[in-house]
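Below is one structure; the comments refer to it alone.
Read the figures in this text as sums done on the coordinates, not as results from a lab. Please read all numbers here as calculations on a predicted model, not as lab measurements. We place every Cβ from the backbone using ideal geometry, glycine too, and count neighbours over all the protein chains shown.
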Amino acid sequence: MKLDFATILTLLVLASGAIWAYDSIVLARRRKSATEQARQEDGRELALQPSKLVEYARSFFPIFLIVLLLRSFLVEPFRIPSGSMMPTLVIGDFILVNKFTYGIRLPVVDKKIIELGEPQRGDVMVFRFPEDPSVPFIKRVVGLPGDRVAYYKKVLYINGEPMEQAARGVYTGIGSGMTMTGAQVFEEALAEQKHEILVQPGHPTLEGESVVPEGHYFVMGDNRDNSRDSRFWGTVPDENLIGKAFLIWMNWDWAAGGIGWDRIGRSIE
């Protein structure tokens, strides 16, 4: 069992719930019995109280449970540590991820129990890195099961069709993203969705072509020349999916002076 935050939270729910239940079923009866016995023997009124451990369990169990349910089935926060998704997401963005878009999964074991939907081409998706499932990754879905995906001369091809790109000028980075200043910004049309990408003319890039296996997804970073993605390590299996990123709720970048107020509340497209 991997000892990540979800596992720790689940163990806290189980432990606090078990302590509270044991006190309610066993210890509370013992306190009541001792109180009645003292009253019958010498008329004393005992004021027996639960232990501090029980009080803490009672107080924190609902909190642990609510956080576990919200985080497991509704939304989960993540922080963007790298620039691989620039300009859509920058270093220091704190995002919210919809956990039920791709189905309801049990915490810890990550087994899907309810089918609700599947990733669509263009989704910004969070998943467990196939080479190390303990590490969450975020990329854009470009290839669906059965698609033939190719990348040549900085142009993406899906099933032989090039994805249209429209020049949008030169990128100016701030803070930790200053190194990308001067990159070319293009608006890429992926299916019916349009989003911006960064490319660096003259920068070497990995080219190639592959067919996406069933139950897998081909993902790429929007910072095309500075992203290790499916071009390098392969496709993402369905069992590794975490959810769809939909909102930037905070941005904190020391190199840019702290809070990036202009990024708070932005939707992720």
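Can you tell which of Ala34, Ala15, Ala191 shows the greatest fluctuation in a Gaussian network model of the chain with Cα springs below 10 Å?
Ala34
Between the helical axis of 52-69 and the dominant principal axis of the chain, each derived from Cα atoms, what acute angle in degrees is found, rounded to the nearest 10?
Value to nearest ten degrees: 30.
Around Arg29, under 14 Å between beta carbons, what's the net of Lys plus Arg minus Asp minus Glu among the other residues? List each step's numbers first, then the result.
On the way: positive: Arg30, Arg31, Lys32; negative: Asp23, Glu36.
Net local charge, Arg29 excluded: +1.
Using Cβ contacts closer than 10 Å as the measure, can you line up Thr235, Thr172 from fewest to most? Mind dumping the intermediate values first?
Numbers: Thr235 20, Thr172 13.
The fewest-first ordering by Cβ neighbours comes to Thr172, Thr235.
Using a Gaussian network model of the chain whose springs link C-alpha atoms within less than 10 Å, name the residue from Glu131, Glu36, Glu209 with the highest mean-square fluctuation.
So, out of Glu131, Glu36, Glu209, the one fluctuating most is Glu36.
Calculated from DSSP H runs of 4 or more alone, at -39500 (n - 2.57) each and per residue, what is the 222 nm mean residue ellipticity of the chain, nearest 500? It would help to have the intermediate numbers written out before the result.
Values: 4 runs with 55 residues, N = 269.
Helices in the chain give a 222 nm mean residue ellipticity of -6500 deg cm²/dmol.
Between Ser267 and Leu48, what's the calculated FRET efficiency when r is the beta-carbon distance and R0 is 35 Å? Round to 0.05.
0.05
May I ask you to derive the FRET efficiency for Val155 and Trp233 from their Cβ-Cβ distance with R0 = 25 Å, giving the value to the nearest 0.05? Could the numbers behind the result be given before it?
Details: r = 21 Å, r/R0 = 0.86.
Efficiency computed from Cβ-Cβ geometry: 0.70.
In nm, what is the difference between 0.36 nm times the number of residues separating Glu131 and Glu41 and their Cα-Cα distance?
25.5 nm
Taking the alpha-carbon distance from Lys32 and a cut-off under 28 Å, which lysines remain once sequence neighbours fewer than 8 residues away in the same chain are dropped?
Lys52
Normalized C-alpha radius of gyration of the range 5-73, against 2.2 N^0.38 Å?
On the way: Rg = 16.4 Å, N = 69, 2.2 N^0.38 = 11.0 Å.
Scaled against compact globular proteins, the figure is 1.49.
5 Å is the cut-off here: which amide hydrogens, built 1.01 Å from N in the peptide plane, fall below it relative to Trp252, excluding neighbours closer than 5 in sequence?
Here Asp93, Phe94, Gly260 satisfy the definition.
Going by how many other Cβ atoms sit within 10 Å of their own, how do Trp252, Trp233, Trp261, Trp20 line up, fewest first? Kindly include the intermediate steps, with their values, before the conclusion.
On the way: Trp252 15, Trp233 12, Trp261 9, Trp20 20.
Fewest to most other Cβ atoms nearby, the residues stand as Trp261, Trp233, Trp252, Trp20.
Between Met163 and Lys112, what length in nm is gained on full extension when 0.36 nm per residue of separation is reduced by their alpha carbon distance?
On the way: separation 51, 0.36 × 51 = 18.36 nm, distance 3.25 nm.
Using 0.36 nm per residue and subtracting the Cα-Cα distance, I get 15.1 nm.
Taking the 0 to 90 degree range and rounding to the nearest ten, how far is the long axis of helix 28-42 tilted relative to the main principal axis of the chain, both from C-alpha atoms?
It works out to around 20 degrees.
Please determine, in degrees from 0 to 90 and to the nearest 10, the orientation of helix 5-22 with respect to the longest principal axis defined by the Cα atoms of the chain, where the helix direction is its Cα long axis.
For helix 5-22, the angle is close to 20 degrees.
Checking the cross-link filter: which lysines have an alpha carbon closer than 19 Å to that of Lys139, excluding same-chain neighbours under 8 positions apart?
Lys99, Lys154, Lys194, Lys244
Please rank Phe232, Phe246, fewest neighbouring Cβ atoms within 10 Å first, as an exposure proxy. Please list the in-between numbers first.
Details: Phe232 10, Phe246 16.
In increasing order of surrounding Cβ atoms, one gets Phe232, Phe246.
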